[in-house]
Amino acid sequence: MFPDLIDGKCRSCGRQLNITGADDVSLHVECMKCDDAYCVETDAFIDGRIKYRPEIMADQELGEES
Ligand SMILES: [Zn+2]
């Protein structure tokens, strides 16, 4: 999923990130522009804890069931 740029952006180039996964302590992100991939803390994004992480975790659970 794609976080709003206003909430967070690539640490390398400042472009759009894609959140690809999450675990208990971090979000896994990939840059859409420079392909940098890394983990950030769940509070790296504004509203990350309440907006992005729950959605990612829900998506992962659905994926594991199917
Ligand atoms: Zn980048």
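The values are calculated or read from the model by the stated rules, or taken from the named source; none is laboratory data. For clarity, every value in this text was computed on a predicted model and none was experimentally measured. Here Cβ is always computed from backbone atoms with ideal geometry, including for glycine, and neighbour counts include all displayed protein chains.
Which residue is nearest to residue 1 (Cα to Cα), if the candidates are limited to region 27-66 and must be hydroxyl-bearing (Ser, Thr, Tyr) and at pLDDT below 95?
Residues of region 27-66 hydroxyl-bearing (Ser, Thr, Tyr): 38, 42, 52, 66.
Among the residues that remain, those that are also at pLDDT below 95 are: 42, 52, 66.
Values: 42: 14, 52: 8, 66: 19 Å.
Residue satisfying both the conditions and the ranking: 52.
Based on this model, can you work out whether residue 6 counts as surrounded by fewer than 12 Cβ atoms within 10 Å (Cβ to Cβ) and touching a residue at least 24 places away in the same chain (Cβ under 8 Å)? When the stated conditions are applied, residue 6 passes them. The set of residues from region 27-48 being assigned to a loop (DSSP other than H, G, I, E, B) and more than 20 Å from residue 62 (Cβ to Cβ) comprises 32, 33, 34, 35, 36, 43, 44, 45, 46, 47. Please find, within region 11-27, the residue that is surrounded by the fewest Cβ atoms within 10 Å (Cβ to Cβ) out of those that are within 13 Å of the chain's Cα centre (by Cα) and hydroxyl-bearing (Ser, Thr, Tyr). Out of the qualifying residues, it is 20.
For region 27-55, the candidate set comprises residues that are touching a Leu at 6+ places or on another chain (Cβ under 9 Å) and among the small types (Gly, Ala, Ser); within that set, the residue that is nearest to the ligand (Cβ to nearest atom) is 44.
Evaluate the following for residue 49: is it exposed (fewer than 15 other Cβ atoms within 10 Å of the Cβ) and not hydroxyl-bearing (Ser, Thr, Tyr)? Walk me through how you get there before you give the answer.
Numbers: exposed (fewer than 15 other Cβ atoms within 10 Å of the Cβ): yes; not hydroxyl-bearing (Ser, Thr, Tyr): yes.
When the stated conditions are applied, residue 49 passes them.
The number of residues in region 1-26 being within 20 Å of residue 62 (Cβ to Cβ), in a strand (DSSP E or B) and either modelled with pLDDT of 95 or more or within 15 Å of the ligand (Cβ to nearest atom) (or both) comes to 3.
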